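The values are calculated or read from the model by the stated rules, or taken from the named source; none is laboratory data. From a predicted model like this one, the values you see are computed outputs, not experimental measurements. Don't worry about glycine lacking a Cβ; one is built from the backbone with ideal geometry, like all the others, and counts go over all protein chains shown.
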Amino acid sequence: MHKFDRLQYLPLMLFQLVLMALFFVFVRYGGDKHHDLRGFEGTHVMIFVGFGFLMTFLKKYAYSALGFNWFLAAVVIQWAFLCQNFYHMENNKIMATKETILEADIMAATVLITFGALLGIASGLQLLFIAIIEVAIACANFYLVGDIFKAADVGGSIAIHAFGAYFGLGASFAMRPQKKATSDVPATTVPTVDLNGPTYVSDVTAMIGSLFLWIYWPCFNSALTTTNAEYQRAVINTYLSLASATVTTFVMSSVVSKHHGKLDMVHIQNSTLAGGVAIGSVCNMHVMPGGAIAIGIGAGLLSVLGYRFLTPLLEKCGIRDTCGVNNLHGMPGIYSGLLSVLFAALATSGEYGEDLAAVFGAMGGENGRTAASQALNQLYATLATMVIATAGGFVTGLIAKLGCLSPLKDKEHYDDDVNWELP
């Protein structure tokens, strides 16, 4: 091994010390404000248990899936806390409350979604570098969506899910291996066993992550609601959308199966969750319970068909998407953004009453936006997020290919032995 391998993560310790200094200088307690915020604990479980175990499906990459998920999230929560709140300082100070910590937790989901696209094909150092850059860009986009466009996105389908997915796909495309003539590739660079796939046991452990995410998704989507009625709508709509997406996923998995009507565990682990993403931006709106079920059905269809037909096409274009984040987070996130355009255009004060300003902050008061103007800004937020995420991911991926970040050789992909002492 290289004599400096022992020091490869030392820059992260230095970054941690910088974060500590910034917290000493800028962060103060916010008193009892938001102390009774709902959804924090459930969201925390999703980040560290749900995302971690969902990515343990690979044959020999469970240590990295769980370990780097934990490592990345721990770094990102601190960094995102600062990046998000530098836009909202009070007297040059950041007030730490349960809400600001929750928002940082939610931003960690963005990075973990990107991690899913790059699972097994990026080194630990590359992942950490990408995470730090991505948080800065994602927080700027979050400010653009929420404070400039004032788009309704309480469940983060636009600014969290779609952003994380397309940032990851942009980075994956930039980091794609260069094509070489077959004769130029030494036989030793080809793994003897294809590690880009599951075992029976690894698929079972991945289901642990799926179930935790499924159960706690209503917490995630409803956590940042501000009124009781809005909170209750978000929980109900999310649950119904998840349920209908799950039924649709099982049915469609059998329909499009390559193996005579059998179920594909990839669909069951992932597409069952697409309803939670698809309802995210509109979960606190008056979509009606039947509408929530319809949204979930659409998400299940979109996700399963994406795994079956679109993912192979992306791979042919050089975009490796290990976990299929485009199908679980990307396309359902765009779907949710477009739904928010529709439901913003239909919103009226008669229907929402006092909740109108809670759901659509810019539509409250005498000088508030019209429904048409709000709908247009929802569209702007969705399109801007896609462009910023894809371009930002591509540029970050190009930089991440630098030799100092220890990019993996082909034979090292999807293998825990590169980073871990194995029993």
Taking only pairs six or more apart or across chains, which ones have beta-carbon atoms under 7 Å, a first residue in the stretch 12-36 that is part of a helix (DSSP H, G or I), and a second residue that is of a type in the set (S, T, N, Q) and at pLDDT 95 or above?
19/78
Give the number of residues within the stretch 380-421 that are surrounded by fewer than 14 Cβ atoms within 10 Å (Cβ to Cβ), within 17 Å of residue 132 (Cβ to Cβ) and aliphatic (A, V, I, L, M).
1
Among the candidates 253, 241, which residue alone is touching a His at 6+ places or on another chain (Cβ under 9 Å) and assigned to a helix (DSSP H, G or I)?
253
Test: residue in the stretch 109-127 that is farther than 30 Å from residue 194 by Cα and surrounded by 23 or more Cβ atoms within 10 Å (Cβ to Cβ)
no
Answer residue from the stretch 33-51, given it is under 12 Å from residue 99 (Cβ atoms) and at pLDDT below 95 and is surrounded by the fewest Cβ atoms within 10 Å (Cβ to Cβ) among those:
36
Considering only residues that are in contact with a Ser or Thr (Cβ under 9 Å, 6 or more places away or on another chain) and of a type in the set (S, T, N, Q), look in the stretch 277-325 and name the one that is farthest from residue 413 (Cα to Cα).
284
Scan 82, 72 and give me the residue that is in a helix (DSSP H, G or I) and closer than 24 Å to residue 198 by Cα.
72
Considering the stretch 129-144, residues that are of a type in the set (A, V, I, L, M, F, W, C) and surrounded by fewer than 23 Cβ atoms within 10 Å (Cβ to Cβ), and then whichever is farthest from residue 64 (Cα to Cα), we arrive at 144
Do we have residue 358 as at pLDDT 95 or above and either farther than 30 Å from residue 8 by Cβ or surrounded by fewer than 15 Cβ atoms within 10 Å (Cβ to Cβ) (or both) here?
no
Do the conditions hold for residue 297, that is, is it under 23 Å from residue 171 (Cβ atoms) and not hydroxyl-bearing (Ser, Thr, Tyr)?
no
Only one of 54, 112, 128, 169 is closer than 30 Å to residue 406 by Cβ and touching a Phe, Trp or Tyr at 6+ places or on another chain (Cβ under 7 Å), namely 112
Output for Cβ contacts, cut-off 6 Å, separation at least six or different chains, first residue in contact (Cβ under 8 Å) with a residue 24 or more places away in the chain in the stretch 409-420, second surrounded by fewer than 14 Cβ atoms within 10 Å (Cβ to Cβ) and of a type in the set (Ser, Thr, Tyr), reads 410/189; 411/189
Given (1) within 22 Å of residue 137 (Cα to Cα); (2) crowded, with 16+ Cβ neighbours inside 10 Å; (3) modelled with pLDDT under 95, identify the lone condition not met by residue 8.
(1)
For the stretch 75-98, name all the residues that are of a type in the set (A, V, I, L, M) and in contact with a Gly (Cβ under 7 Å, 6 or more places away or on another chain).
95, 96
Selected residue (only one of 257, 281, 271 is in contact with a Leu (Cβ under 9 Å, 6 or more places away or on another chain), hydroxyl-bearing (Ser, Thr, Tyr), without any contact (Cβ under 8 Å) to a residue 24 or more places away in the chain and at negative phi):
257
I want to confirm something. Restricting to the stretch 386-408 and keeping residues that are assigned to a loop (DSSP other than H, G, I, E, B) and touching a residue at least 40 places away in the same chain (Cβ under 8 Å), which single residue is nearest to residue 174 (Cα to Cα)?
401
